[in-house]
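**Q** Here's a structure for you.
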Amino acid sequence: MPHDRAAAWALLAEFTPSQPLRRHALSVEATMRELARSRGGSGPAEIETWGLVGLLHDFDYERFPTEADHVWRGMEILRERAWPEAVIRAVGAHAFYTGIERVTPMEKAILAADEISGFVGACALVRPSRKIADVPVESVLKRMKEKAFARSVDRSYIVRGAEEWGVPLPDLVALVLRAQVAIAARLGLAGVPAEELPDEPVPPPP
């Protein structure tokens, strides 16, 4: 069985029935693809691989939500199904508690992509339009300072992600916003209810 996007989506659908977590996976995939493109010189195969890491980074979370299991069980399952080690290691690197040192650009990218992708979506949903296209970078930065807003998002992951990726935080926020706009309807960030994400693969982010 090829380890392509269809296989990644099938694995996500198998372990993640909830729509919010599927949307999160899709949003992080979009950010990962945009991060790959932003490096310059990334070909289609590299962009696709980075997107797969985005889709798969939390695929085990709904079934194994604790730090004792999440990521670890996911990595085990990926190895059992013969996914490339580079993908497995990047999936494990997105959580500080795994202790996996982020060495490759792809490993650094998943840290930069994960929490901020969800956070900008939360910023969109409190706007009157409920559109990610209407969210300015400055609004996201301001919301980050509000401890009561999206309190489940660990700001240290966002700050560290920008640092390890090597860009100022406002630049990372701008990139993430750009990535999410392209799939806003699927994420429920286009001013209308989110599209239903089926078990069958949806088209990849542009």
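The values are calculated or read from the model by the stated rules, or taken from the named source; none is laboratory data. This structure is a prediction, so every number in the text was calculated from the model and none was measured. Glycine gets a Cβ as well: all are built from the backbone with ideal geometry, and neighbour counts include every protein chain shown.
**Q** Can you pull out the residues in the stretch 147-162 that are closer than 12 Å to F119 by Cα and more than 16 Å from the chain's Cα centre (by Cα)?
**A** Residues satisfying the conditions are F149, A150, R151.
**Q** In the stretch 124-153, which residue that is closer than 15 Å to L189 by Cα and without any contact (Cβ under 8 Å) to a residue 24 or more places away in the chain is surrounded by the fewest Cβ atoms within 10 Å (Cβ to Cβ)?
**A** Taking the candidates together, the pick is P128.
A quick yes/no check of all residues on (1) farther than 16 Å from P201 by Cβ; (2) not charged (D, E, K, R):
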| position | (1), (2) |
| --- | --- |
| F15 | no, yes |
| T31 | yes, yes |
| R37 | yes, no |
| E46 | yes, no |
| L52 | no, yes |
| Y61 | yes, yes |
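**Q** Of the residues that sit in the stretch 53-67 and are closer than 17 Å to I110 by Cβ and of a type in the set (A, V, I, L, M, F, W, C), which one is farthest from the chain's Cα centre (by Cα)?
**A** F59
**Q** Identify, by number, the condition in (1) modelled with pLDDT under 95; (2) under 18 Å from L21 (Cα atoms); (3) of a type in the set (A, V, I, L, M, F, W, C) that I183 doesn't meet.
**A** Only one criterion is unmet by I183, namely (1).
**Q** Restricting to the stretch 1-32, and then to whatever is more than 16 Å from the chain's Cα centre (by Cα) and charged (D, E, K, R), can you tell me which residue is nearest to D171 (Cα to Cα)?
**A** The selected residue is D4.
**Q** Check the stretch 92-112 and report whether any residue there is outside any helix (DSSP H, G or I), among the aliphatic types (A, V, I, L, M) and either under 22 Å from D199 (Cα atoms) or under 15 Å from the mean Cα position of the chain (by Cα) (or both).
**A** There is at least one residue in the stretch 92-112 that is outside any helix (DSSP H, G or I), among the aliphatic types (A, V, I, L, M) and either under 22 Å from D199 (Cα atoms) or under 15 Å from the mean Cα position of the chain (by Cα) (or both).
**Q** Right, next: When you look at A112, is it crowded, with 24+ Cβ neighbours inside 10 Å and either more than 19 Å from S152 (Cβ to Cβ) or out of contact with any strand residue (DSSP E or B) (no Cβ under 9 Å at 6 or more places or on another chain) (or both), yes or no?
**A** In short, yes.
**Q** Now for a separate question. Does any residue in the stretch 6-28 that is outside any helix (DSSP H, G or I) come within less than 9 Å, Cβ to Cβ, of a residue that is crowded, with 21+ Cβ neighbours inside 10 Å and among the aromatic types (F, W, Y) six or more places away or on a different chain, and which pairs are these?
**A** Once the first residue is outside any helix (DSSP H, G or I) and sits in the stretch 6-28, its partners that are crowded, with 21+ Cβ neighbours inside 10 Å and among the aromatic types (F, W, Y) give T16/F59.
Yes or no, residue by residue, for (1) surrounded by 17 or more Cβ atoms within 10 Å (Cβ to Cβ); (2) in contact with a strand residue (DSSP E or B) (Cβ under 6 Å, 6 or more places away or on another chain); (3) farther than 19 Å from M32 by Cβ:
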residue	(1), (2), (3)
P105	yes, no, no
L172	yes, no, no
A184	yes, yes, no
E200	no, no, yes
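**Q** Output yes when any residue across the stretch 55-77 is surrounded by fewer than 18 Cβ atoms within 10 Å (Cβ to Cβ), farther than 21 Å from F15 by Cα, out of contact with any Ser or Thr (no Cβ under 9 Å at 6 or more places or on another chain) and free of Cβ contacts under 8 Å to residues at least 60 places away in the same chain, and no when none is.
**A** no
**Q** Could you check how many residues of the stretch 47-106 are under 13 Å from H3 (Cβ atoms) and either modelled with pLDDT under 95 or of a type in the set (K, R) (or both)?
**A** 2
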